[in-house]
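Structure first, then comments.
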Amino acid sequence: MSRGATRYVCSACGASSAKWQGQCPHCSAWNTLTESAPLGPAGAAGRSRSGLAPAAEVTALSEVQADRLARLSSGIEEFDRVLGGGLVDGGVVLIGGDPGIGKSTLLLQALAALARDARALYVSGEESVGQVALRAQRLGIDARTLPQLLIASEIDLDRIVAAVERERPRVVVVDSIQTLYAPQLGSAPGSVSQVRECAAALTRLAKQSGVVLVLVGHVTKEGALAGPRVLEHMVDTVLYFEGDSHSSFRLVRAIKNRYGAVNEIGVFAMTDRGLRGVANPSALFLSQRGLDPRSALVPGSCVLATQEGTRPLLVEIQALVDAAHVPNPRRLCVGLEPQRLAMLLAVLSRHAGVVTFDQDVFVNAVGGVRIEEPAADLAVLLAVSSSLRDRPLDRGLVAYGEVGLAGEVRPAPRGQERLREAAKLGFSKAVIPRANAPRQPTEGLEIIAVERVEEALAVLRSG
Ligand code: TYD
Ligand code: MG
């Protein structure tokens with residue numbers, strides 16, 4: 001490759017090509033090649049692989065002292081929970097999510113809480129310092145009492161690095177990585193090479209200086225983090241902000257965490273004074289449903305006892321099954337796996353004789369949660385059959401359990417905790433896999449342990 005030639009870099013896989021093409025020759029993604037300036041002599045491509053370079057230092061593992069993880073609380077309990085107990089010195093966190101979901105709000109709130117005992121720097125590439133101050137005011141942050149809370153509006157990478165080196169904060173938030181710009185690269189902010197270079201430089205800075213770095217990342221319209229995939233590999237922790245823009249619930253989910261468990265979630269509600277942690281999310285997700293015995297029972301609703309990380313969570317699953325007037329009936333899932341629904345409908349037809357080939361089926365996990373675990377199967381099946389038969393389920397009923405292709409109901413992890421959460425919230429009946437049946441009875445909860453889908457559907461007939 002001649003130096004100075006323009007390269008075309010794929011924004012999906014990061015591979016580079018010499019000429020522009022509609023489809024990336026490496027990962028076959030369409031319309032992902034974007035022009036990228038070549039790296040100068042200082043860049044990786046220009047460096048010679050000389051045999052004269054000093055060898056890297058190598059140590060026996062036994063002689064290395066393991067780093068003690070000093071956790072720094074972000075000051076927001078739900079945020080600490082997703083982080084696995086708090087921020088870690090020298091750790092790099094990447095947080096992605098749709099525009100307007102609350103990334104900047106959450107991070108500004110966290111920094112304000114942190115700044116009570118540590119120096120914290122908020123670098124915005126999207127807003128002026130005046131706008132940040134206005135947001136802080138709106139969030140009820142009393143800046144006069146927080147001299148350690150520093151803000152900057154800057155997109156030049158070198159100037160940000162210099163500011164961090166001069167101010168020596170404990171925590172730095174960069175909002176967002178896509179707005180940063182390394183002048184020596186020449187390509188536009190947000191391009192693959194810029195995002196990669198800026199993230200790499202900031203990560204190096206964090207590792208060397210021990211500053212905690214939080215990067216905000218934009219997402220593509222498919223919901224993945226924009227920019228090169230390598231971004232997610234580079235950082236220690238990847239968090240996603242989820243939520244339905246029409247409801248006030250917001251979930252922060254860990255996708256990758258070198259310092260803690262993944263699939264922990266933090267639950268927030270967006271209020272007029274910023275995000276507030278929700279300590280009892282089940283109550284929140286069920287709030288519209290109401291356990292109130294006077295409210296009308298509707299067919300097609302079943303409460304699922306799911307598990308998010310270490311936390312049990314009750315979520316209402318709604319289904320609507322209606323006669324299809326088109327040759328291909330529709331299957332639509334909100335917050336659940338569409339493939340899984342197709343499979344469940346096949347199991348339902350084959351093993352329980354419940355036929356839906358001429359019906360549209362819509363399924364929704366209420367409250368904007370996304371449920372990925374297979375233990376949601378039983379609740380989905382019950383909701384679908386309830387809607388199809390137009391018979392409501394018992395008000396106090398919860399369900400969980402994975403359904404296999406042979407119609408068997410398989411156990412789910414942490415069954416006891418799910419039951420305890422259900423009992424705590426006043427549920428009185430639980431349809432669960434036989435293998436999960438507790439030895440001791442749970443107070444106030446009737447257990448219906450089932451081995452097959454047919455048995456589970458019997459609750460609809462008897463209920
Ligand atoms: P923001 O944090 O700017 O989103 P992001 O950085 O992820 O793009 O969130 C902005 C949204 O949150 C905006 O639509 C208004 C709303 N909001 C509130 O409801 N209450 C508040 O106190 C604040 C600051 C914002
Ligand atoms: Mg923002």
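Only the coordinates and a few stated rules stand behind these numbers; no lab work does. Quick caveat: nothing in here was measured; it's all calculated off a predicted structure. For neighbour counting, all protein chains shown are included, and Cβ atoms are generated from backbone atoms with ideal geometry for every residue, glycine included.
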* Net length gained if the chain between residue 310 and residue 184 were fully extended (0.36 nm per residue, minus Cα distance) -> 40.8 nm
* Determine the distance separating the Cα centre of the range 107-157 from the Cα centre of the range 303-320; give it in Å without decimals. => 36
* Give me 196, 166, 410 ranked fewest to most by other Cβ atoms within 10 Å of their Cβ, as a rough exposure proxy. => 166, 410, 196
* Ranked by Cβ crowding within 10 angstrom, fewest neighbours first, how are 64, 278 ordered? -> 64, 278
* Pair residue 373, residue 56: separation of 7 Å Cα→Cβ label points (nm) -> 3.9
* To do: Estimate the FRET efficiency between residue 256 and residue 446 by the formula 1/(1 + (r/R0)^6), using the beta-carbon distance for r and 30 Å for R0, to the nearest 0.05.
  => 0.15
* With labels modelled as points extended 7 Å from the Cα through the Cβ direction, what inter-label distance (nm, one decimal) is found for residue 346 paired with residue 322? -> 2.7
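Above 17 angstrom, tally the Cα pairs of the range 293-376 and express them as a % of all pairs, no decimals. Before the final figure, lay out the partial values.
Numbers: 1842 of 3486 pairs.
For the range 293-376, the share of Cα pairs beyond 17 Å comes to 53 percent.
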* Structure fact -> Unpartnered Cys in the chain, judged by a 4.7 Å Cβ-Cβ cut-off, are 198, 302, 333
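First measure r as the distance between the Cβ atoms of residue 30 and residue 330, then evaluate 1/(1 + (r/R0)^6) with R0 = 30 Å and state the FRET efficiency to the nearest 0.05.
0.70
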* Asked: Once Rh is set to the Kirkwood radius over Cα pairs, what Stokes-Einstein translational diffusion coefficient, in µm²/s, holds for the chain at a temperature of 25 °C and a viscosity of 0.890 mPa s?
  -> 99
* Antiparallel %, DSSP beta bridges [both residues in the range 388-463], to 5 -> 25
* Asked: Which entries in 256/424; 19/103; 221/256; 103/256; 19/207 show an alpha-carbon gap greater than 29 Å?
  -> 256/424; 19/103; 19/207
* Find out how many positive minus negative residues lie around residue 176, taking Lys and Arg as positive, Asp and Glu as negative, among other residues whose Cβ is under 14 Å from that of residue 176. => -4
* Relative to the present Cα-Cα distance, how much length would full extension add between residue 145 and residue 201 at 0.36 nm per residue of separation? -> 16.9 nm
* **Spherically averaged projected area in nm², based on the convex hull that wraps the Cα atoms of the range 63-150** => 7.0
* Asked: Tell me, which longest segment in the chain has none of the chymotrypsin sites (Phe, Trp or Tyr not before Pro) that fall in DSSP loops with at most 11 further Cβ atoms within 10 Å?
  -> 21-356
* Asked: Between residue 423 and residue 439, 0.36 nm times their residue separation minus their Cα-Cα distance comes to what?
  -> 4.2 nm
* Tell me, what ³J(HN,Hα) does each residue in the range 218-224 have, in order and in whole Hz, if you take phi through Karplus 6.51 cos²θ - 1.76 cosθ + 1.60 with θ = phi - 60° and put x for Gly and Pro? -> 6, 10, 7, 5, 7, x, 8
